[in-house]
1. Tell me, please, whether a residue that is at pLDDT 90 or above, surrounded by fewer than 17 Cβ atoms within 10 Å (Cβ to Cβ), closer than 27 Å to residue 169 by Cα and polar (S, T, N, Q) can be found in the range 46-53.
2. Give 52, 65, 40 a once-over and let me know the one that is of a type in the set (S, T, N, Q) and within 30 Å of residue 133 (Cβ to Cβ).
3. Which numbered condition in (1) within 18 Å of residue 143 (Cβ to Cβ); (2) open to solvent by 50 Å² or more (accessible area, probe 1.4 Å) is the only one that residue 80 fails?
4. Looking for something open to solvent by 70 Å² or more (accessible area, probe 1.4 Å), acidic (Asp, Glu) and more than 30 Å from residue 207 (Cα to Cα) - is there at least one such residue anywhere in the range 28-36?
5. In the range 289-325, which residue that is open to solvent by less than 60 Å² (accessible area, probe 1.4 Å) and not in a helix (DSSP H, G or I) is nearest to residue 240 (Cα to Cα)?
6. Of (1) at pLDDT 90 or above; (2) of a type outside the set (A, V, I, L, M, F, W, C); (3) loosely packed, with under 11 Cβ neighbours inside 10 Å, residue 234 satisfies all except one. Which?
7. Name the single residue, out of those in the range 178-193 being modelled with pLDDT under 90 and assigned to a helix (DSSP H, G or I), that is least open to solvent (accessible area, probe 1.4 Å).
8. Identify all residues within the range 8-27 that are more than 16 Å from residue 186 (Cβ to Cβ), in contact (Cβ under 8 Å) with a residue 12 or more places away in the chain and either open to solvent by 60 Å² or more (accessible area, probe 1.4 Å) or part of a loop (DSSP other than H, G, I, E, B) (or both); write none if there are none.
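The values are calculated or read from the model by the stated rules, or taken from the named source; none is laboratory data. As the structure is a prediction and not an experimental result, all values here were calculated from the model. Every residue, glycine as well, gets a Cβ built from its backbone with ideal geometry; the counts of neighbours run over all protein chains shown. Surface areas here come from the heavy atoms of the whole protein model, side chains and all, with no ligands, DNA or RNA. Shrake-Rupley method; radii C 1.70, N 1.55, O 1.52, S 1.80 Å.
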Amino acid sequence: MAENKKILLYRIDKQAKNVIFVVIEDDERLWGNISEDMQTVLSFDEVFRDITEFRNGFLDYEQLTDELIGATNGRGEVFRTILARFDDNRLNSFNFFTRYYSDTLREIFLSARQEIDKAGAFFNTRVLKKSTEYVNEVFNNIREVMRDDWNFDFNSESDMKAFRVKYDKVIIRGNDRNDIYTVADTALVNFFYDFSFAIHSRMLYICSCKYCSKVFLGMKNAVCCDGEVCQATYQREVKNAKRRERDNSTYKVYRTRLSNYIGQQKTKLPAEVLDDPALVKKFDEQRKVFTAILTKKLSEYEMEHRLPDKELDAFYEKMKQDVMSFVYALKAEAE
């Protein structure tokens, strides 16, 4: 049984937070010609979303693939009918992993079918069995990878394991170029491990964008993805929040000053007032009135986004005069 004629190369750029994929023939004479238009560049978020989407829909994908495997050594008409459904699913998907796995499996299916058709003409049961077993082996490897949640534990929260994964590198060096790609295995398990390491080393976590609801990989408790519209909205909210915080802090000064001023006047009240519970209660109630008047004025400024000005300063000085007038009246009442 012939091996796949094409291989998948990938390079993970941790700084740019993206992954570069290249599907190319397994021929080292061609690797030096890899150019940008041959690359598929996906951000970490896009890779993560595609992985999640593919795994969430894997049961349906698995069922269709198993049907095609079962038809590989069956009647040609049945095989072609199921292959057409498989192709529809492949061509109508924008998911990178759906396309990659489907392209890879399709090549294997067609190769196996050719072997089987050839063997069937001579009733070669050994070739029939070998071809079918190879197709099953390839997809069972993919199936095993997809079903194991450990392979997709990007934040390293599961139990520890230690083992060796075989992989290879493609080095492209010379003429002011120095690229290193990793050759992916058919099931992509080494890619998932490398991708998981990149996420973990960057201390990224699975987050949900509060604006578009898409999942993304960001710092812990991040609330906004890298989408242009989402970022613009987020930055605007941050700017407004800082302005409100600054403005509120400015307005708070006046509340604090008035509260301290009234408190100072209370400590200066004569014993005749302080020893009279009714007069003390009256003072405390009037204090609330003064506070409410100033709060209302400050709220008007906040609503209009007005910064403190001479008018507010004059209003505050008038409040202090009103406090003193009340204190004088309270002293007179106690005499």
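1. yes
2. Values: 52 fails: within 30 Å of residue 133 (Cβ to Cβ); 40 fails: within 30 Å of residue 133 (Cβ to Cβ).
Of 52, 65, 40, the one residue that is of a type in the set (S, T, N, Q) and within 30 Å of residue 133 (Cβ to Cβ) is 65.
3. Among (1) within 18 Å of residue 143 (Cβ to Cβ); (2) open to solvent by 50 Å² or more (accessible area, probe 1.4 Å), residue 80 violates only (1).
4. Our first condition is that a residue be open to solvent by 70 Å² or more (accessible area, probe 1.4 Å); within the range 28-36, this holds for 28-29, 33, 36.
Narrowing further to those that are acidic (Asp, Glu): 28, 36.
Still in the running and more than 30 Å from residue 207 (Cα to Cα): 28, 36.
Checked the range 28-36: at least one residue is open to solvent by 70 Å² or more (accessible area, probe 1.4 Å), acidic (Asp, Glu) and more than 30 Å from residue 207 (Cα to Cα).
5. Restricting to residues being open to solvent by less than 60 Å² (accessible area, probe 1.4 Å) and not in a helix (DSSP H, G or I), the top hit is 308.
6. (3)
7. 190
8. Filtering the range 8-27 for residues more than 16 Å from residue 186 (Cβ to Cβ) gives 11-20, 27.
If we keep only those that are in contact (Cβ under 8 Å) with a residue 12 or more places away in the chain too, we end up with 11-12, 14, 17-20.
Listed by number, the residues that qualify are 11, 14, 17.
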